[in-house]
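Participant: Can you keep this structure in mind? I'll have questions shortly.
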């Protein structure tokens with residue numbers, strides 16, 4: 001197979017790089033202001049005023065390793081206010097404070113990674129083997145991220161060659177031919193660093209709970225159509241032309257295929273038989289940074305993100321007769337340029353210009369009657385056209401459209417020796433579509449006050465804008481070209497309190513008012529739905545009083561309301577009202593490390609149609625509350641050069657649902673080995 005050949009070649013390159021970088025240079029201190037991977041400007045050792053004045057969570061490589069997380073969604077589910085849900089498309093979705101994945105901005109080293117079609121992303125295709133840290137910002141986030149991000153901003157910082165092992169790898173296995181593995185090589189010198197990583201994920205499907213009630217749609221113990229295979233190649237490097245000039249480059253190639261587990265027939269929804277039969281994605285970034293003087297710095301990057309997906313809908317569970325297929329290409333490319341003025345003790349001003357082109361092209365086809373095989377259609381490059389095709393019920397329809405998105409932003413941040421600080425920013429945005437354009441603005445003001453040595457308060461307000469996606473505007477079945485941009489107003493108040501005995505408390509209360517929220521109406525067409533309100537609180541309590549033991553308790557409360565809804569439908573679907581999480585991490589005297597994670601999800605509702613007095617009406621239904629227990633045991637050997645581990649997910653074998661009639665995985669046990677040189 002081409003993919004296997006590609007992995008072998010890249011592995012050989014990785015080994016070569018690792019061998020050549022065996023001798024590491026001494027650490028050289030360089031100003032972090034030249035780090036293009038961070039959108040928010042960092043200068044000096046202390047956290048930025050923007051991070052301190054808003055709710056910001058950071059998960060580093062050691063924490064990710066302790067969790068045993070293998071892909072991004074397994075990391076994010078541990079962040080307060082974040083809910084990872086798998087619905088009808090079989091793809092994990094990352095919801096933050098009531099907003100859906102399309103309202104969350106995903107960045108990889110500062111580069112936008114959301115798809116152009118619907119603004120979403122798939123976190124399961126991003127392996128943790130490439131991640132150095134995950135930075136999650138919620139609430140009144142910075143205007144420098146551009147439009148969107150009403151839910152929050154996730155920036156993945158990938159591993160660098162100068163702080164990674166020369167050679168490292170991991171291999172783990174579970175039932176149903178489940179294998180996950182990766183190999184990485186890194187090297188560095190006085191003026192350069194680089195890293196290459198190759199990973200592979202595969203499974204024939206995930207097991208259902210022993211308590212799952214089988215039916216005619218789901219006959220087996222393994223979830224139907226839940227197989228998946230993903231290959232990922234990542235490479236990055238940077239070179240210092242001088243102490244004041246750096247160039248960087250990143251590349252990622254992904255390919256695979258997977259099934260989309262449908263409803264199991266236990267609810268009122270339609271059972272579908274869908275697959276992503278061919279997935280290919282590529283990302284390229286080239287960045288630079290130059291420090292003209294202590295006062296002026298210029299930095300920026302250009303990027304190209306592209307994903308090609310052949311999605312097929314079949315007529316039945318045999319997955320042989322095609323009902324409809326769509327061959328689509330999402331493309332996002334652009335550039336981000338920042339000019340930074342450092343006023344020293346007076347503060348720091350960042351001006352930003354972002355230009356981005358988003359395009360979506362696809363061919364949707366239906367085979368003629370009697371055609372039992374799918375054929376990959378050629379992509380369309382000459383614009384939208386209506387359906388065409390031969391007789392016998394067959395035909396195809398083509399789509400090709402794009403939009404330019406421009407942002408001009410400025411942000412000023414100031415802090416006084418860490419006792420207080422603030423950030424103020426504003427941005428103008430313009431979406432230039434084929435037939436018309438729309439412009440709007442965003443703004444942010446936040447601040448913090450270190451009232452006492454153990455007490456810090458923060459507060460912030462913001463106005464954010466999200467423009468409709470290509471799918472929102474132009475989808476043949478659900479698009480609406482008359483949509484306007486969503487706007488949201490955010491208010492947040494938080495406190496960080498040291499309680500003594502190595503215990504830290506974090507509390508953040510928030511209120512968000514969203515207008516012209518884009519969602520499907522009862523007929524399945526996207527509309528500006530009016531006004532949604534989100535109110536809630538995120539609480540995090542961490543204790544490290546006992547040596548080698550870390551205890552964390554997290555609670556998130558969320559209240560949602562559709563102000564324009566019909567009576568009895570005011571609560572928004574699939575938003576947990578309560579999330580509780582307890583995590584314990586302990587290192588035993590003989591170096592074994594135990595990580596336990598317990599989460600309790602409560603208070604999810606959804607709506608379905610029922611007949612009342614002969615008429616169909618929408619009624620509120622509740623999903624069953626559920627509890628999940630994950631456990632990870634790691635035993636290092638050979639001076640920490642080799643680690644053996646066993647991890648279990650859903651150890652209690654809970655039969656649970658995150659969407660109506662879509663059962664989730666039961667107990668899974670993984671055995672693995674990791675090594676580093």
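Participant: With only alpha-carbon atoms counted, please give the Rg and Dmax of region 139-208, in Å.
Facilitator: 18.3, 52
Participant: A further question follows. Mind checking Rg over Rh on region 26-149, alpha carbons, Kirkwood formula for Rh?
Facilitator: Result for region 26-149 is an Rg/Rh of 0.96.
Participant: Right, here's the next one. At residue 408 and residue 432, where each label point lies 7 Å from the Cα along Cα→Cβ, what is the point-to-point distance in nanometres?
Facilitator: Distance between label points: 1.3 nm.
Participant: At a Förster distance of 35 Å, what's the computed FRET efficiency of residue 523 paired with residue 491, Cβ-Cβ distance as r, to 0.05?
Facilitator: For residue 523 and residue 491, the calculated efficiency is 0.55.
Participant: Fully extended, how many nm does the chain gain between residue 280 and residue 62 (0.36 nm per residue separation, minus their Cα-Cα distance)?
Facilitator: 75.4 nm
Participant: Also: Once both labels are modelled 7 Å past Cα along the beta-carbon direction, what's the residue 316-residue 511 spacing in nm?
Facilitator: Computed distance between label sites residue 316 and residue 511 equals 5.7 nm.
Participant: Another one. Kindly provide log₁₀ I(q)/I(0) values, in the same order as q = 0.11, 0.13, 0.20, 0.22 Å⁻¹, from the Debye equation applied to equal alpha-carbon scatterers of region 592-677.
Facilitator: Results for region 592-677 at q = 0.11, 0.13, 0.20, 0.22 Å⁻¹ read -0.50, -0.61, -0.93, -1.01.
Participant: Between residue 337 and residue 502, what's the calculated FRET efficiency when r is the beta-carbon distance and R0 is 30 Å? Round to 0.05.
Facilitator: Computed FRET efficiency for residue 337 and residue 502: 0.10.
Participant: Semi-axes of the equivalent ellipsoid for region 433-588, please: Cα gyration tensor eigenvalues, times 5, square-rooted, ordered largest first, whole Å.
Facilitator: Values: eigenvalues 313, 75, 44 Å².
Taking √(5λ) for each Cα gyration eigenvalue gives 40, 19, 15 Å.
Participant: Give me the log10 of I(q) over I(0) for the chain at q = 0.07, 0.09, 0.12 Å⁻¹, as the Debye formula computes it from C-alpha points; what are the numbers?
Facilitator: Per q value, in the given order, log10 I(q)/I(0) is -0.47, -0.81, -1.60.
Participant: Could you work out the relative contact order of the chain? I mean the mean sequence separation of Cα pairs under 8 Å and 6+ apart, divided by the number of residues, in percent.
Facilitator: Reported as a whole number, the value is 11 percent.
Participant: Kindly provide the helix-only [θ] at 222 nm of the chain, computed as the sum of -39,500 (n - 2.57) over DSSP H runs of four or more divided by all residues, to the nearest 500 deg cm²/dmol?
Facilitator: -1500 deg cm²/dmol
Participant: In addition: Return the whole-Å distance between the Cα centroid of region 234-292 and the Cα centroid of region 115-161.
Facilitator: 11
Participant: Using a basic spin-label model with each label point 7 Å from the Cα along Cα→Cβ, how many nm lie between residue 676 and residue 296?
Facilitator: Each label point is offset 7 Å from its Cα along the Cβ direction, giving 4.2 nm.
Participant: Among 325-333, 171-179, what's the highest-first ranking by average C-beta atoms within 10 angstrom per residue?
Facilitator: By packing density, highest mean first, the sequence is 325-333, 171-179.
Participant: Give, to the nearest whole percent, the P(r) tail of region 390-494 beyond 17 angstrom, counting all Cα pairs.
Facilitator: Everything past 17 Å amounts to 67 percent.
Participant: So how much slack lies between residue 345 and residue 266, counting 0.36 nm per residue of separation and subtracting their Cα-Cα distance, in nm?
Facilitator: Gain in length upon complete extension: 22.1 nm.
Participant: Related question: Taking 8 Å as the Cα distance limit and 6 or more residues as the minimum spacing, I'd like the relative contact order of region 439-516 as a percentage.
Facilitator: Over region 439-516, the number comes to 27 percent.
Participant: I need two numbers for region 226-276: Rg to one decimal and Dmax as a whole number, Cα atoms only, in Å.
Facilitator: Values for region 226-276 (Cα only, Rg and Dmax): 21.4, 64 Å.
Participant: Could you state the orientation-averaged shadow area of the convex hull built on the Cα atoms of region 108-226, in nm² to one decimal?
Facilitator: 11.4
Participant: What number, in nm² with one decimal, is the all-direction average of the projected area of the convex hull of the alpha-carbon atoms of region 216-345?
Facilitator: 13.0
Participant: Can you give the Rg to Rh ratio for region 517-644, taking only C-alpha atoms and Rh from Kirkwood?
Facilitator: Across region 517-644, the Cα-based Rg/Rh ratio is 1.20.
Each reported figure results from applying straightforward, stated rules to the coordinates on display, with no laboratory input. Given the structure is predicted, the values throughout are model-derived calculations rather than measurements. Because the Cβ atoms are built from the backbone with ideal geometry, glycine has one as well, and the counts that use them run over all protein chains shown.
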